[in-house]
1. Looking at the structure I just gave you, is Lys172 touching a helix residue (DSSP H, G or I) at 6+ places or on another chain (Cβ under 7 Å), of a type in the set (D, E, K, R) and surrounded by 11 or more Cβ atoms within 10 Å (Cβ to Cβ)?
2. Name the single residue that is least open to solvent (accessible area, probe 1.4 Å) among those in the stretch 123-134 being more than 14 Å from Lys161 (Cβ to Cβ) and in contact (Cβ under 8 Å) with a residue 60 or more places away in the chain.
3. Select from the stretch 33-55 the residues that are under 26 Å from Asp134 (Cβ atoms) and free of Cβ contacts under 8 Å to residues at least 24 places away in the same chain and write down the one among them that is surrounded by the most Cβ atoms within 10 Å (Cβ to Cβ).
4. Just to verify a result, which residue in the stretch 175-195, among those that are hydrophobic (A, V, I, L, M, F, W, C) and open to solvent by less than 80 Å² (accessible area, probe 1.4 Å), is farthest from Val96 (Cα to Cα)?
5. If you take the residues of the stretch 85-105 that are in a loop (DSSP other than H, G, I, E, B) and in contact (Cβ under 8 Å) with a residue 60 or more places away in the chain, which of them is least open to solvent (accessible area, probe 1.4 Å)?
6. If I go through the stretch 32-63 residue by residue, how many of them are assigned to a strand (DSSP E or B) and either under 30 Å from Leu82 (Cβ atoms) or among the hydrophobic types (A, V, I, L, M, F, W, C) (or both)?
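The values are calculated or read from the model by the stated rules, or taken from the named source; none is laboratory data. None of the values given here were measured: they were computed from a predicted structure. Heads up, the Cβs are rebuilt from the backbone with ideal geometry, glycines too, and the neighbour counts pull from every protein chain shown. Ligands, DNA and RNA are excluded from the accessible area calculation, which covers all protein heavy atoms including side chains. Shrake-Rupley method; radii C 1.70, N 1.55, O 1.52, S 1.80 Å.
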Amino acid sequence: MVGRGGYNLRRDDVEKYISYLRASGLFSFLPNISSPTQIDLDSARVTPRKDRLKLIVNDPAAFIAVYLCSRGAIKFGQVKKLLSDERVREHLFEAVIISHLRYMPLIRIAPENMGYIITEDEEELVDGFAWYLDRSNRLVLLAVEAKYTQRDVDIREIKRKARMLKEDFHIKRLIVTTNHKTLEIEEDYAIIPAEIFLLLM
């Protein structure tokens, strides 16, 4: 494998570097669920795949620092301009929401019990997916989509994803967190403002 600058990177060097980033607690690499067969309700098991890892920055300060340093921002004006980019705010919003899943007040979800769901044709259905066993040893599945947008949330898209998750992956309700004040709870999905999600989950 050849990295930037022409350096040859061996697979085990890359794996050591990924392990280092994981151990630092600043970053997570989420495995994927891409097939319904990876979720087995009868045996209460989820078997994620590691062929397409998703990087999540657990610490917003680390996210901002890495982003700014990688772009050579040293003056306040440059920093302000970069942070005004909506794509940066979207990634930061997603990182905060998904990393919070690990630290829910009532349940601690182990890092190995987190991932994301992507279809076989590479459509990302949810940004974060977590699972755990309740007191009755039943498998509980949490699917969370983070939506940071200046426009209204596309309800048709949410309904479509919620239907796919229910029919194909046995997930009862899609949880959508937004930067808006809208609170809407339906049978297949719930739209929750980020501040409420962060307080309750």
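1. On the way: touching a helix residue (DSSP H, G or I) at 6+ places or on another chain (Cβ under 7 Å): yes; of a type in the set (D, E, K, R): yes; surrounded by 11 or more Cβ atoms within 10 Å (Cβ to Cβ): yes.
Yes.
2. Keep residues of the stretch 123-134 that are more than 14 Å from Lys161 (Cβ to Cβ), which gives 130-134.
Then keep just the ones that are in contact (Cβ under 8 Å) with a residue 60 or more places away in the chain; that gives 131, 133.
Numbers: Trp131: 14, Leu133: 89 Å².
Among those that are more than 14 Å from Lys161 (Cβ to Cβ) and in contact (Cβ under 8 Å) with a residue 60 or more places away in the chain, it is Trp131.
3. Result: Gln38.
4. Step one: of the stretch 175-195, the residues hydrophobic (A, V, I, L, M, F, W, C) are 175-176, 183, 185, 190-192, 194.
Filter once more, keeping what is open to solvent by less than 80 Å² (accessible area, probe 1.4 Å): 175-176, 190-192, 194.
Details: Ile175: 15, Val176: 14, Ala190: 19, Ile191: 17, Ile192: 15, Ala194: 9 Å.
Applying the filter and picking the extreme gives Ala190.
5. The initial filter retains those residues of the stretch 85-105 that are in a loop (DSSP other than H, G, I, E, B), namely 85, 104-105.
From the residues that got through so far, the ones that are in contact (Cβ under 8 Å) with a residue 60 or more places away in the chain too are 104-105.
Details: Met104: 15, Pro105: 88 Å².
Per the criteria, the residue is Met104.
6. Kept after step one, since they are assigned to a strand (DSSP E or B), are these residues of the stretch 32-63: 32-33, 39-40, 45-46, 49-57.
This time we only want the ones that are either under 30 Å from Leu82 (Cβ atoms) or among the hydrophobic types (A, V, I, L, M, F, W, C) (or both), so: 32-33, 39, 46, 52-57.
Selection size over the stretch 32-63: 10.
Each row is one residue, and each column tells you yes or no for (1) surrounded by 13 or more Cβ atoms within 10 Å (Cβ to Cβ); (2) under 15 Å from the mean Cα position of the chain (by Cα); (3) touching a residue at least 12 places away in the same chain (Cβ under 8 Å).
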| position | (1), (2), (3) |
| --- | --- |
| Val57 | yes, yes, yes |
| Phe63 | yes, yes, yes |
| Lys75 | no, no, no |
| Leu83 | yes, no, yes |
| Ile107 | yes, no, yes |
| Ser136 | no, no, no |
| Glu145 | yes, yes, yes |
| Ala162 | yes, no, yes |
